[in-house]
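Q: If you scroll down you'll find the structure; I have some questions about it.
The values are calculated or read from the model by the stated rules, or taken from the named source; none is laboratory data. Remember, it's a predicted structure, so these values are computed and weren't measured experimentally. Heads up, the Cβs are rebuilt from the backbone with ideal geometry, glycines too, and the neighbour counts pull from every protein chain shown. We work out accessible area using only protein heavy atoms, side chains counted, and drop any ligands, DNA or RNA first. Shrake-Rupley method; radii C 1.70, N 1.55, O 1.52, S 1.80 Å.
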Amino acid sequence: MPRRDVASRRQDVYNQVLKSTNCTNPTCLRAASPEVLKAANHHLIVEVPTGTGGASFGPGVGFSPLVDGDIVPDEPMILLEQGKYHKEVKRVIAANTAFEGNGLSSDTNMPDAFPDYVRINFPTASNETVKRIQNLFPYPPGKPEMLAWDWITSVVFACHSTSIAKAYGSEAYRYVMRIPPATHALDLLCKFYDNSILFS
């Protein structure tokens, strides 16, 4: 998901790109060989731990679209609310699975790590705001990792699917797949493959 107001966090990513290429400025980056850039790309995306969430890769805020007011005019959900989308589209399927976050979230040390997890997407969230958000995601006894799963399911997947369905109204089909284990992308098996594999 595109990030807003990330200039200071982008500086850290830029500094890490410079370090991984042994460069000190953009001129050096432009002159770097494809091999050097490939090695730096591999290092930053594969070897450096990511904590960005929202399908970004790389260090810090990661490599992802940035709301710039031009190519990415605003957050997709805001643009949908404002009616700034392709209305000529005739039908849309907006879907997610019930437990998208299971396997896609950093679920260790919950609930203690939850404030840091929320601040990946909302860096200025106050302690009070984080607590209010946490209270929206109750989890069963002995399953604190579900707090992270449900957060990611909601923020990264369900919110976007709901926004798309709401914008397109009667042209949209919206569903939440709950067939166990209902983890990320399992609904694709139902849509595009032989269903007897799932239900035999």
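Q: Can you tell me how many residues within the range 85-124 are of a type in the set (S, T, N, Q), open to solvent by less than 60 Å² (accessible area, probe 1.4 Å) and in a loop (DSSP other than H, G, I, E, B)?
A: Start the filter on the range 85-124 by keeping residues that are of a type in the set (S, T, N, Q), which leaves 96-97, 102, 105-106, 108-109, 121, 124.
Retained after the next criterion (residues that are open to solvent by less than 60 Å² (accessible area, probe 1.4 Å)): 96-97, 102, 105, 121.
Pick out the ones that are also in a loop (DSSP other than H, G, I, E, B) and you get 102, 105.
Residues that pass the stated criteria total 2.
Q: Count, please, the residues in the range 100-124 that happen to be in contact (Cβ under 8 Å) with a residue 60 or more places away in the chain, out of contact with any strand residue (DSSP E or B) (no Cβ under 9 Å at 6 or more places or on another chain) and hydrophobic (A, V, I, L, M, F, W, C).
A: The total comes to 1.
Q: How many of the residues in the range 51-84 are open to solvent by less than 70 Å² (accessible area, probe 1.4 Å) and modelled with pLDDT of 80 or more?
A: Count: 11.
Q: Here are the criteria: (1) at pLDDT 95 or above; (2) within 20 Å of the chain's Cα centre (by Cα). Tell me which single one Thr24 does not satisfy.
A: Unmet for Thr24, out of (1) at pLDDT 95 or above; (2) within 20 Å of the chain's Cα centre (by Cα): (2).
Q: Among helices (runs of 4 or more DSSP H) lying entirely in the range 125-200, which contain 1 or more residues that are closer than 30 Å to His86 by Cβ, without any contact (Cβ under 8 Å) to a residue 40 or more places away in the chain and open to solvent by 70 Å² or more (accessible area, probe 1.4 Å)? If you could, list the steps in order and put the result at the bottom.
A: On the way: elements: 127-135, 145-152, 159-168, 187-192, 196-199.
Filter on the range 125-200 gives 187-192.
Q: Within the range 63-84, how many residues turn out to be closer than 19 Å to Arg174 by Cα and in a loop (DSSP other than H, G, I, E, B)?
A: Of the residues in the range 63-84, 1 are closer than 19 Å to Arg174 by Cα and in a loop (DSSP other than H, G, I, E, B).
Q: Report the residue count in the range 6-49 for those that are small (Gly, Ala, Ser) and either touching a Ser or Thr at 6+ places or on another chain (Cβ under 6 Å) or not in a helix (DSSP H, G or I) (or both). Lay out the reasoning, then the answer.
A: From the range 6-49, those small (Gly, Ala, Ser) are 7-8, 20, 31-33, 39-40; that's our starting set.
Add one more test, that the residue is either touching a Ser or Thr at 6+ places or on another chain (Cβ under 6 Å) or not in a helix (DSSP H, G or I) (or both), and what stays is 32-33, 40.
The total comes to 3.
Q: Residue check: is Ser126 modelled with pLDDT of 90 or more and over 20 Å from the mean Cα position of the chain (by Cα)? If you could, list the steps in order and put the result at the bottom.
A: Values: modelled with pLDDT of 90 or more: yes; over 20 Å from the mean Cα position of the chain (by Cα): yes.
Here the answer is yes, as Ser126 does meet what is asked.
Q: What number of residues in the range 96-121 are of a type in the set (Val, Ile, Thr) and either touching a Gly at 6+ places or on another chain (Cβ under 9 Å) or under 20 Å from Arg9 (Cβ atoms) (or both)? Reasoning before the result, please.
A: Within the range 96-121, the first condition is being of a type in the set (Val, Ile, Thr), and the residues that meet it are 97, 108, 118, 120.
Filter once more, keeping what is either touching a Gly at 6+ places or on another chain (Cβ under 9 Å) or under 20 Å from Arg9 (Cβ atoms) (or both): 118, 120.
So the answer is 2.
Q: Please verify whether Val48 is surrounded by 14 or more Cβ atoms within 10 Å (Cβ to Cβ), at pLDDT 80 or above and not small (Gly, Ala, Ser), treating the condition exactly as stated.
A: Working: surrounded by 14 or more Cβ atoms within 10 Å (Cβ to Cβ): yes; at pLDDT 80 or above: yes; not small (Gly, Ala, Ser): yes.
It is true that Val48 is surrounded by 14 or more Cβ atoms within 10 Å (Cβ to Cβ), at pLDDT 80 or above and not small (Gly, Ala, Ser).
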